[in-house]
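Just so it is clear, none of the values below were taken in a lab; they were calculated from the coordinates. Bear in mind the structure is a predicted one, so any value in this text is a computation, not a measurement. Positions of Cβ are backbone-derived with ideal geometry, glycine not excepted, and every protein chain shown enters the neighbour counts.
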Amino acid sequence: MILLPVCAIGLALFLWPFLGAGLPSATPALAIGLGAVAGLLCLELGTRRMDSRQFALLAALSAGDAALRAALVTGIGGFSPIFLLVLCGGYALGPTFGFLVGASSLLVSALITGGMGPWVPYQLFAVGWVGMAAGLAGMLRRGCRPTWVDVSILAVVGAIAGFGFGAVMDVWNWTFYPSLPQLGWSATLPPLTGLGHFARYYAVTSAGYDAFRAVGNVLMVAVFGLPVLAGLRRLSRRFQIHWPAGGSPGPSVASPGAPELA
């Protein structure tokens with residue numbers, strides 16, 4: 001429920017070009033994006049849904065992803081290595097954690113490389129949604145030991161995310177091409193006409209490019225997914241606290257009512 005308002009803010013950033021309301025192309029997106037992600041993190045910490053150990057893991061995954069992006073910004077076509085940890089982190093630790101891994105990875109990377117531009121808030125949400133989608137898929141097999149079934153599910157999510165990330169990011173790019181006939185954006189386009197223009201714009205400019213990202217995600221998950229998922233699942237079990245049934249202490253609990261760490 002905490003994640004829903006943040007996603008609604010992100011959707012508003014991406015959907016406004018289709019409203020046909022005559023809105024300008026310049027929006028305070030950076031402040032909106034940073035505020036939404038920071039607010040979500042503060043709520044997670046403040047309500048203790050995320051403890052210090054999970055926060056440390058979030059920081060480590062974000063730093064690792066940022067280092068990967070700094071070392072290899074992109075591969076063939078739209079392929080990028082940053083999606084592996086985002087997909088696995090979300091799948092193993094849930095949609096909110098996955099969203100935060102994706103958003104914080106892009107933010108740290110932008111700070112390291114000096115790439116803080118108007119595109120950053122859109123990337124925060126787009127990569128965050130990749131982690132969230134992986135987390136929602138992971139809920140289907142929560143508590144199970146990772147197997148090739150999980151790798152297969154995550155590979156499908158990675159393939160879809162490869163095209164989905166490119167499509168939502170193209171919404172931002174699309175607003176800079178108002179003069180292209182039958183393809184470009186205009187502030188006064190009716191919603192359905194604007195959607196048709198964007199669909200043609202994406203098919204012509206990006207669909208083939210994004211196919212490399214989708215294939216790259218599948219290959220990364222197939223090669224590295226199982227060990228990364230197994231490691232993250234082990235960590236997630238250590239982060240959980242189990243209370244003995246009926247309030248009576250188990251064999252490893254020193255005093256009545258004390259939590260038992262998994």
Along the dipole axis of the range 28-238 (charges at Cβ: +1 for Lys and Arg, -1 for Asp and Glu; origin at the Cα centre), the most positive-end residue among V168, G231, L107 is G231
Taking only the Cα positions of the range 102-198, the convex hull volume per residue in Å³ is 129
Length gained, L15-I112, 0.36 nm per residue minus C-alpha separation, equals 32.0 nm
Ranked from fewest to most other Cβ atoms within 10 Å of their own Cβ, Y201, Y91 fall in the order Y201, Y91
Cα extents of the range 28-238 along the principal axes, largest first, in whole Å, come to 56, 36, 33
Given a Förster distance of 45 Å, the FRET efficiency implied by the Cβ-Cβ spacing of S186 and V149, rounded to the nearest 0.05, works out to 0.45
